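**Student:** Just dropping this structure here.
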Amino acid sequence: MKKIAQMLIVLALITGLAACSSSGSSSKGSSKGEDGDIELTFWLWPGMGMDSYIQQYEKDHPNIKIKVQETEYSDHHQNLLTVLAAGSGAPDIAAVESGYIERFKENNQHFYNLLDYGAADIKSDYLDWRWKEASTNDEKVVFGIPTDVGPMAMAYRMDIFEEAGLPTSPDEVSAQMGTWEQYMEAGKKLKAATGKNMFNHVTDLYAAVREQGEKQYFDENGELIIEDSELIKRAWDLSIQGIEIHNNTQRGTTEWSASLAAGDFATVFLPPWMLQNIKNDAPDTAGLWNIALMPGGSGNWGGSLLTLPKQGKHAEEAYKFITWVMSPEIQLEIFKEKGNFPSTPAIYDTDEVQNLKDEFFNRDDLGAIFSEAAKAVKYVYRGPMTGPINTIMGDALISVSDGQATEEEAWKKAMEEVKRQVGR
């Protein structure tokens with residue numbers, strides 16, 4: 001696939017500036033400290049749960065010092081793009097979130113190939129779809145070591161379901177709402193009986209359905225297939241149908257939090273890390289929720305890779321650290337401490353995962369249901385432009401739900417904008 005034109009322009013401009021700068025300028029790469037220790041710089045964003053394990057690694061390896069730089073999510077990735085283009089300033093280790101993986105993977109010449117350090121030996125430790133995500137299409141380059149994953153399930157309000165005459169036990173909910181068509185019918189019944197909506201916004205429904213298939217916007221050759229993608233057409237059509245039972249409140253807004261707390265909608269599509277959002281935004285609803293499998297299968301929301309930029313000076317030491325901190329044993333410890341769901345399926349059968357309890361959601365086997373969801377996720381080739389296209393499609397759905405455009409007008413405009421963006 002051709003490189004993104006904008007990125008090439010930035011690369012050329014910044015590289016030119018870097019060449020003109022003083023050769024004695026400081027670098028954020030790893031270096032020897034004053035006492036001769038090896039210093040590894042590590043860029044990540046808050047909430048990745050590695051602090052105590054970094055300290056443990058330093059204690060167990062007295063010659064290794066790990067200097068952490070935490071930056072907010074969006075700034076972190078932009079900073080990494082900038083220093084890679086500049087040719088200097090990148091860390092020894094950089095986290096890359098799933099939404100940015102393909103963009104960086106297109107420029108994998110800036111990163112060490114982890115196969116050269118023995119990554120093939122640990123491939124079986126990780127979910128197949130996550131390892132494939134970490135690799136180039138021909139699997140000749142492993143770009144990073146997987147961190148946690150975000151398998152999707154469905155949280156639902158038992159009291160609202162009961163009021164609507166719907167089942168309330170997770171097994172019965174999964175059986176009666178195993179398909180999206182069944183979910184839609186249940187949503188109509190719920191709204192007729194209670195006046196409440198089934199879910200918050202069609203953009204969330206679109207994302208949930210989109211992540212359940214293998215062919216989204218591009219094929220693995222990088223060719224745009226959005227207009228021929230059965231998955232995308234299905235996600236779009238279901239979302240249009242869902243307008244009549246959505247609450248028209250987008251996730252992450254104050255309106256979403258208020259509606260969640262008020263019980264204005266009955267279900268939430270979510271990965272395990274988002275359970276805390278419900279607890280934070282609707283604390284008075286404790287004991288009213290339960291968790292079931294999501295209609296139509298599972299999808300993934302979140303997760304990242306730990307990569308080694310070639311500007312780093314101690315790749316071998318950095319590789320040893322990232323494979324240790326993302327090993328099944330340490331991922332299990334991070335899960336127990338922080339709740340980040342592991343990408344290493346060998347530990348899914350442990351008591352700590354299987355018997356994860358949360359009285360807020362009335363379940364003593366949260367880990368079991370998310371383990372099942374994680375194993376059901378399918379690999380998707382997303383392409384570097386997937387993020388912008390998601391935004392275009394979301395905006396189009398919003399224009400329909402807000403009455404600003406018909407379904408046909410919104411789809412046509414979205415396709416035109418997608419082609420314009422991809423063709424730049």
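The values are calculated or read from the model by the stated rules, or taken from the named source; none is laboratory data. What you are looking at is a predicted structure, and each value in this text was computed from that prediction instead of being measured. Every residue, glycine as well, gets a Cβ built from its backbone with ideal geometry; the counts of neighbours run over all protein chains shown. Calculation scope for accessible area: heavy atoms of the full protein, side chains included, ligands and nucleic acids excluded. Shrake-Rupley method; radii C 1.70, N 1.55, O 1.52, S 1.80 Å.
**Student:** To the nearest 0.05, what FRET efficiency results for E255 and D37 with a Förster distance of 51 Å applied to their C-beta separation?
**Tutor:** With a Förster radius of 51 Å, E is 0.50.
**Student:** Per residue, how much accessible surface does the chain expose to a 1.4 Å probe? Answer in Å², no decimals.
**Tutor:** Averaged over the residues of the chain, the accessible area is 44 Å².
**Student:** Equivalent-ellipsoid semi-axes (√(5λ), Cα gyration tensor) for the stretch 263-374, whole Å, largest first?
**Tutor:** Largest first, the stretch 263-374 gives 32, 16, 13 Å.
**Student:** Among S124, S239, S298, which one moves the most in a GNM of the chain with springs linking Cα atoms closer than 10 Å?
**Tutor:** Greatest mean-square fluctuation among the candidates belongs to S124.
**Student:** Can you give me the Rg/Rh ratio for the stretch 141-254, using Cα atoms for both radii and the Kirkwood formula for Rh?
**Tutor:** Reported Rg/Rh (Cα atoms, Kirkwood Rh): 1.04.
**Student:** Say we join alpha carbon atoms closer than 10 Å with springs in a Gaussian network model of the chain; which of A90, A374, A262 then has the biggest fluctuation?
**Tutor:** A262
**Student:** Report, to the nearest whole %, how much of the accessible area of the chain belongs to carbon and sulfur atoms, 1.4 Å probe, protein only.
**Tutor:** Of all accessible area on the chain, carbon and sulfur atoms account for 48 percent.
**Student:** Per residue of the chain, what 222 nm ellipticity follows from adding -39500 (n - 2.57) for every DSSP H run with n ≥ 4, rounded to the nearest 500?
**Tutor:** The per-residue figure over the chain is -13000 deg cm²/dmol.
**Student:** While we're looking at this one, here's another question. What GluC sites (Glu not before Pro) in the stretch 112-218 are in a loop by DSSP, with at most 14 other Cβ atoms within 10 Å of the Cβ?
**Tutor:** E139, E214
**Student:** Another one. For the chain, with a Gaussian network of springs between Cα atoms less than 10 Å apart, report the residue from N340, N390, N107 with the top mean-square fluctuation.
**Tutor:** Looking only at N340, N390, N107, the biggest GNM fluctuation is shown by N107.
**Student:** Turning to a different aspect of this structure: Once you compute Rg and the Kirkwood Rh from C-alpha atoms, what is the Rg to Rh ratio for the stretch 208-312?
**Tutor:** Using Cα coordinates only, the ratio equals 1.05.
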